[in-house]
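Some notes on the structure that comes next.
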Amino acid sequence: MSYLWRYILIIFLSLSISNNIQAQIIWPTPEVESLYREARQFHNNGNLREAIVRYQQAIQIAPDIVLLYRDLAQAYYLAKGYNEALNTLQPIVDQGAADAETYKIMAQSLIAIKEPKKAKKLLREAVEKHPNSGSLYHVMGRMYMDDNEVAYALESWLDGIEKDPSYHLNYYEAATTYMNTDKVVWAILYGEIFINLEQQTRRSHDLRLMVFEAYKKLYNSLATGDIPKFGASARDGMVGFEEAVYDTYIKLSPVVSDGIYTENLIMLRTRFLMDWTLNYAAKYPFSLFARHDQLMRDGYFDIYNQWLFGKVENLQQYDTWKKFHDNAIPQLEDWLRRNPYRPLANDFYNDKMVDGIFQKSKNNKR
């Protein structure tokens, strides 16, 4: 397991607090609830030793609450006590009481002790029981990627996007994977969706740069003559979503004929939204484009594009722009807080045709 992947896992697990489940639990005594809250506080502060002790004390009093075992196993995992995590959770799985998070922690523990076959078998079982859990598809995709089975990894993340559109990490993985193919449209779309779901992190910054570069790659394909054929071929005048997005962007290539910059990306994306609304919005409703429309109607679309691309294109230029628009970004960020982005199930137009796209991209390199 790569250091980066392990780091992402630890950060993600450390921030995974069971607020929704806690709200549903009826604690048998105030003492158990108090122990659990103390454990979570130690857990979130990185004091795993004390967290483990509190979880164990709570379990002695309330041995029938799955959440206690699950969070104990999570603390064991973060403390590299992988076998202890597995031993804690195995009875829950055996009794058919495991939720998606339980399966995920078990699979990650199996991966950590280098038991990938058992982990894959467990994840297949988990997905059958919890087919709408985006986190399970994410872990499965990472397993395939670690084995260099890129197509299977991408399929897993696409399944996760389709089944659980609100789970953000599958967009991150899919976007960065598509960036290495000729299907750069999906890198642009999934990358921007991720940025809207996870706005102020290093990963979000990296995806901003990737989306910026993806626009360059999209239009560079015209200069090289390697025009990719996106989506299914048109049949009886029908155009698929991916092909419609691609064609709309390509028809607007004169807007960025002098290169890709934040300013002309604003013009490009404004023109794209107008053309999309006229030609395809009714046939292919898409929440990201609806969000763009709302930003435009509320007067924030230009600022949003500066927020999206300005810093990664040219930090000095972006800082100068902010000096002349000193309250623009705070106002936008307030708008974003008041209007959280929620992808929808009917956003999924991806045909999931991934066979051969990586080899093709490799062969197209000059």
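The values are calculated or read from the model by the stated rules, or taken from the named source; none is laboratory data. A quick note: this is a predicted structure, and the numbers were derived from the prediction, not measured. Cβ atoms come from the backbone with ideal geometry, glycine included; neighbour counts cover every protein chain shown.
Quick look at the numbers
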| quantity | calculated |
| --- | --- |
| Tally, over segment 285-321, of residues that are crowded, with 16+ Cβ neighbours inside 10 Å and among the basic types (Lys, Arg) | 2 |
| All positions within segment 130-139 that are surrounded by fewer than 15 Cβ atoms within 10 Å (Cβ to Cβ) and assigned to a helix (DSSP H, G or I) | none |
| Segment 235-267, residues that are within 25 Å of the chain's Cα centre (by Cα) and more than 18 Å from ASP347 (Cα to Cα) | TYR249, THR262, LEU265, ILE266 |
| Residue in segment 223-241 that is at pLDDT below 95 and either in a helix (DSSP H, G or I) or outside the structural domain of LYS352 (by TED's automatic domain parsing) (or both) present | yes |
| Of all residues making up segment 277-288, the number that are in contact with a helix residue (DSSP H, G or I) (Cβ under 6 Å, 6 or more places away or on another chain) and free of Cβ contacts under 8 Å to residues at least 60 places away in the same chain | 1 |
| Pair list, Cβ under 8 Å, 6 or more apart: segment 108-121 residue closer than 13 Å to ALA85 by Cβ, other residue charged (D, E, K, R) and part of a loop (DSSP other than H, G, I, E, B) | ALA112/LYS80 |
| Qualifying residue in segment 232-251 (condition: surrounded by 18 or more Cβ atoms within 10 Å (Cβ to Cβ) and closer than 24 Å to GLN200 by Cβ) | no |
| Given (1) touching a Pro at 6+ places or on another chain (Cβ under 8 Å); (2) within 30 Å of ILE250 (Cβ to Cβ), number of the condition LEU158 does not satisfy | (1) |
| Residue match in segment 92-105 (condition: among the small types (Gly, Ala, Ser), modelled with pLDDT under 95 and surrounded by 21 or more Cβ atoms within 10 Å (Cβ to Cβ)) | yes |
| For LYS114: the one exception among (1) touching a Ser or Thr at 6+ places or on another chain (Cβ under 7 Å); (2) in a loop (DSSP other than H, G, I, E, B) | (1) |
| Verdict on GLY160 being within 12 Å of the chain's Cα centre (by Cα), without any contact (Cβ under 8 Å) to a residue 40 or more places away in the chain and in the same structural domain as LYS352 (by TED's automatic domain parsing) | no |
